[in-house]
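Participant: The structure that follows is given in the form of structure tokens.
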Amino acid sequence: MRRTPKLTGEQRQEIEAIIRKPGAAAPEVRRAQAVLLVNDEAESSVMTTLTGYSRRHAFALRGAYLRHGRDALRDKRRGNPRELLTKRQRDAMVAVLRTKTPADCRYARARWTTTIVGDLIERQYGVRYKSRTSHYLLFRQAKFTYHKPGRVYHRRDAGEVEAWRTRAEKRLAEAWADPQTVVLAEDEMILSTQTTTQKVWLPRVFPQKKT
């Protein structure tokens, strides 16, 4: 069986440069380390500990690198923008939140949401955040707070609800007037569905100072 050739001096320098490069994507660095460890005939346990890859996977990475060069090690998700906004860009987004509405930015909504802000950031700056935490920070910097819209069952009958309230209030009043009534109380955990509701961000209203 033909042995896979060793890395050339130039290839080794390229691999080491990937590993040392500041800000390099972590998956790309791990792949480069795996290729180097296979080339140096490291133990499988060491390879797995340092890179998280099995010996078989590491050998496949080395073969891919020898055939295709550095492209075989690049992060396949590299097309997704990863850079954070600069301070100037963040300030610009805060100014947009304070002075404009989504309609001013060609969105068919009256209020700002994290989804709209995320899309606007990607359109203007090519940056897509993985979580909404960064969007929340922008809203807070713009002095916004969020409101969760109430959930109303689509088949709710307002008349039936009001009739039930009338009956319930009458029964409660009768029970409250009865000295033999016993009221039981206990702690209760309420499972809320609000976490699945889109937050609507509104400018925070501060109380006026008395003069």
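No value in this document is a laboratory result; all are computed from the given coordinates. All values reported here derive from a predicted model rather than from experimental measurement. Neighbour counts run over all protein chains shown; Cβ positions are idealised from the backbone, glycine included.
Participant: Could you derive backbone 3J(HN,Hα) for the stretch 97-106 from the dihedral phi with the Karplus parameters 6.51, -1.76 and 1.60 (θ = phi - 60°), listing whole Hz in sequence and x where the residue is Gly or Pro?
Facilitator: Couplings: 4, 6, 10, 10, 10, x, 4, 5, 9, 6 Hz.
Participant: Next question, about the same structure. May I ask you to compute the full-extension gain from Asp104 to Glu43, defined as 0.36 nm times their residue separation minus their alpha-carbon distance, rounded to one decimal in nm? Could you put the intermediate results ahead of the total?
Facilitator: Numbers: separation 61, 0.36 × 61 = 21.96 nm, distance 6.03 nm.
Here the answer is 15.9 nm.
Participant: For a distance above 14 Å, tell me the whole-number percent of Cα pairs in the stretch 9-73 that qualify.
Facilitator: For the stretch 9-73, the fraction of Cα-Cα distances above 14 Å is 50 percent.
Participant: Divide the volume of the convex hull of the Cα atoms of the stretch 87-147 by its number of residues and quote the answer in cubic angstrom per residue.
Facilitator: In the stretch 87-147, the Cα hull volume divided by residue count equals 82 Å³.
Participant: How do 33-44, 9-20, 133-144 rank on mean C-beta neighbours within 10 Å, highest first?
Facilitator: Packing proxy ranking, top to bottom: 33-44, 133-144, 9-20.
Participant: Can you tell me how much longer the chain between Val183 and Ser131 gets when fully stretched, taken as 0.36 nm per residue apart minus their C-alpha distance, in nm with one decimal?
Facilitator: My answer for the length gained is 14.1 nm.
Participant: Here is a follow-up. For Arg74 and Ala95, calculate 0.36 nm times their separation in residues minus their Cα-Cα distance, and state this gained length in nm to one decimal.
Facilitator: Roughly 3.9 nm would be gained on extension.
Participant: Wrap a convex hull around the Cα atoms of the stretch 1-145, take a quarter of its surface area, and give that in square nanometres.
Facilitator: That works out to 11.9 nm², a quarter of the Cα hull's surface.
Participant: Same structure, new question: What order, most packed first, do the peptides 165-172, 48-55, 100-107 have when packing is the mean number of other Cβ atoms within 10 Å of each residue?
Facilitator: Details: 165-172: 10.0, 48-55: 15.6, 100-107: 13.1.
Put in order of decreasing packing, that is 48-55, 100-107, 165-172.
Participant: Rounding to the nearest 20 debye, state how big the charge dipole of the stretch 87-147 is about its Cα centre with +1 on each Lys and Arg Cβ and -1 on each Asp and Glu Cβ.
Facilitator: For this selection, approximately 120 debye.
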